[in-house]
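Each remark here refers to the structure printed beneath this line.
Laboratory data are not the source of any read-out in this text; all were calculated from the coordinates shown. Model, not experiment: these values are computed from the prediction. We place every Cβ from the backbone using ideal geometry, glycine too, and count neighbours over all the protein chains shown.
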Amino acid sequence: MYKFFVIAFSIIAAAVLGYFFAMTGKPIVNDTAHTRQSQSTCAKSTGHADMVWVEGGVFTRGATGFYPEEAPPGEIEVDGFWIDRFEVTNTRFSEFVEATGYVSIAEREPNPEDFPGIEAELLEPGSIIFIRPSESAGRLTQWWQFVPGANWREPTGPGSSIKGREHYPVVHVAYEDALAYANWLGHTLPTETQWEYAARGGLDKAVFAWGNEFLLEGKYQANTWQGIFPVMNSNEDGFSGTAPVGCFPANGYGLHDMIGNVWEWVDAWYYPGHGQQVSANGNSHAQGHDPRQPGVPVKVIKGGSYLCAENYCRRYRPAARHAQETMLGATHIGFRTVKNRG
Ligand SMILES: [Ca+2]
Ligand SMILES: [Ca+2]
């Protein structure tokens, strides 16, 4: 688990340093007036069968002009499929656990054999939590913390709970956890192509899931971070952390929170570009390849989260993608499922 923390931290630190020293580009967020979202208008999930049929078609997957891993864009044909209207909530995941007795990765005792070189006493069940630098001794580059005992039931650590957060997306789920839930229902996790097609809501080639402007009629369309990440969040969208599912408008297919709130696991090994399964040195990688953490199995996560800001991680777009270690969840990663027509 210690290794997980080091890896996760190194990714984030590298990303933010990359931004401060190398990132250029025009601002996405404009300064027009905006309206704070209210929980009173949130749509509610009606359960495991609350899915939307997405008609098949042809669309452009990927994009240029943002991050290199989103390229090259290309036209892809997609068959129709069912997809969850909302991110999987704590209530829905609880029903799965109660029915099956499933124990999530973050709740399991790590096997020392899986972590050679790390002292056994350092290996504890737990997960990664976001802590603002002002709350963590002011260390500006350290905002992820491995917390022993943190998991989907106790999302901010021992003693916390999901009481009152029934309609929030489940978090601290590793890829295996998400897949187990999906399989329990006879569903699967979306492929990257399915996920991106669904997220676009019929708006092929648009920058965002709702068009080419970040605000639509002055309103936020997704739960992201406003202000300078990680030190200042003005919460103009109404939520400083995750939001209950369905609090932001649905996209063109009737799907909520495809963008923002929590990242979502998809069934795709991560490579640093569409169609790239071989690294620069000619090695093939059967379990994905992220140059920032070579040798670590990595899947793709999509959609960005409540921690994505204009100055950092501008990945609140359908084409955006990121690598995530398969065995590691965090406070900003969840998922939804699909059902393919048999
Ligand atoms: Ca927010
Ligand atoms: Ca999401």
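In µm²/s, what is D for the range 196-279 at 25 °C and 0.890 mPa s, where D = kT/(6 pi eta Rh) by Stokes-Einstein and Rh is the Kirkwood radius from Cα pairs? Walk me through the numbers before you get to the answer.
Values: Rh = 14.5 Å.
Estimated diffusion coefficient is 169 µm²/s.
Given R₀ = 30 Å, FRET efficiency for E176-T46 by Cβ-Cβ distance, to 0.05? If you can, show how the numbers build up before the last one.
Working: r = 27 Å, r/R0 = 0.90.
In this case the efficiency is close to 0.65.
Just subtract the alpha-carbon distance of K163 and A286 from 0.36 nm times their residue separation and send over the number in nm, one decimal.
Values: separation 123, 0.36 × 123 = 44.28 nm, distance 4.02 nm.
Extending this stretch completely gives an extra 40.3 nm.
Cα centroid separation, the range 68-84 to the range 266-336: 15 Å.
Panel order for T41, T60, T326, by other beta carbons found within 10 Å of each beta carbon, from fewest to most: T41, T60, T326.
In whole Å, what is the distance between the alpha-carbon centres of the range 48-63 and the range 202-260? Their Cα centres are 19 Å away from one another.
In this structure, T188 and V58 have a Cβ-Cβ separation that, at R0 = 25 Å, corresponds to a calculated FRET efficiency of about 0.70.
Counting Lys and Arg as +1 and Asp and Glu as -1, each charge on the Cβ, what is the dipole of the range 211-342 about the Cα centre in debye, to the nearest 20?
Charge dipole of the range 211-342: 380 debye, to the nearest 20.
Can you give the alpha-carbon Rg of the range 111-203 over 2.2 N^0.38 Å, where N counts its residues? Don't jump to the answer; show the numbers that get you there.
Working: Rg = 17.4 Å, N = 93, 2.2 N^0.38 = 12.3 Å.
Relative to the rule-of-thumb radius for its length, the range 111-203 sits at 1.41.
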